[in-house]
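Take a look at the structure set out below.
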Ligand SMILES: O=C(O)CCC(=O)C(=O)O
Ligand SMILES: [Fe+2]
């Protein structure tokens, strides 16, 4: 791997974590959050409150769970991020991606969700927004395979990036750049946040793959499968220090830093919850 490679491809990896002993603890956090979220969604549905479905429980929980912070201090992760992106970065968002039977695609998207405060996204600025993704289990070709468009952090002749952040049909002009990113447990990759990527449905068959293939979710299969039986990744987003992170992107949706899971706040004192700081933005290096 080299600086030249990430400048050309937009992504570098796989790399190995220096310390894989925390992977079990990280999986447990992600899976238990997912189990709880499923239960809450089932209960909301049984109560006739479909509009109360939540899909954010797995976002920004790193203030509550120490193994997540330990992961960010991993010697190899720190070395790779510093080498490629510099040493004055904030970590402002994390997200677990559990996938198991019946869980469908994550559409094509980029992770450059914010710019600076409310500034419009400056998609081809490669100086300030970065991502990494860590395989907490094997993320094989059939385990909700991650794919990316090589070089899509830079302008590509004939490819118009005026599109919603998430979309389904990738224009043909870049089909030959679609590149799979299988990772083994304990491996990670780093990339420019503007790089286009997606992940396929869990357990999709290779024969059905085509450039526009995603794999639809299947509610019945999903209901009968447990998150423990699938794969799980943890993605994180970094920005250059000084970037203004809008509160709704850089905070724990469950509430204050210590909140474990919504909608049950684990507090004796309800005022503590209301008053405490919800921000999850921390120095990364
Ligand atoms: O692991 C996945 O399925 C999605 C990963 C992703 O979108 C990301 O790393 O930003
Ligand atoms: Fe992503």
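Every read-out reported here was derived from the displayed coordinates using simple, explicitly stated rules and does not represent laboratory data. Computed from a predicted structure; not experimentally measured. Cβ atoms come from the backbone with ideal geometry, glycine included; neighbour counts cover every protein chain shown.
Restricting attention to region 97-114 and to residues that are farther than 30 Å from residue 154 by Cβ and assigned to a loop (DSSP other than H, G, I, E, B), the residue that is nearest to ligand 2 (Cβ to nearest atom) turns out to be 103.
Listed here are the residues, each with its yes/no results for (1) more than 30 Å from residue 218 (Cβ to Cβ); (2) in contact (Cβ under 8 Å) with a residue 40 or more places away in the chain; (3) away from ligand 1 (no atom under 16 Å from the Cβ).
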{"position": "72", "(1), (2), (3)": "yes, yes, no"}
{"position": "75", "(1), (2), (3)": "yes, yes, yes"}
{"position": "78", "(1), (2), (3)": "yes, yes, yes"}
{"position": "81", "(1), (2), (3)": "yes, yes, no"}
{"position": "106", "(1), (2), (3)": "no, yes, no"}
{"position": "111", "(1), (2), (3)": "no, yes, no"}
{"position": "135", "(1), (2), (3)": "no, yes, no"}
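Restricting attention to region 153-198, the residues that are within 13 Å of ligand 2 (Cβ to nearest atom) and in contact with a helix residue (DSSP H, G or I) (Cβ under 7 Å, 6 or more places away or on another chain) add up to 1. Out of 61, 73, one residue alone is loosely packed, with under 14 Cβ neighbours inside 10 Å and within 30 Å of residue 248 (Cβ to Cβ). It is 73. Could you list, in sequence order, all residues of region 83-96 that are touching a helix residue (DSSP H, G or I) at 6+ places or on another chain (Cβ under 9 Å) and part of a strand (DSSP E or B)? Across region 83-96, the qualifying residues are 89, 91, 94, 96. Within region 115-132, the set of residues being under 16 Å from residue 191 (Cα atoms), within 16 Å of ligand 2 (Cβ to nearest atom) and not in a strand (DSSP E or B) comprises just one member, 123.
Comparison of 16, 51 shows that the only residue that is under 29 Å from residue 114 (Cα atoms), surrounded by fewer than 16 Cβ atoms within 10 Å (Cβ to Cβ) and in contact with a strand residue (DSSP E or B) (Cβ under 7 Å, 6 or more places away or on another chain) is 16.
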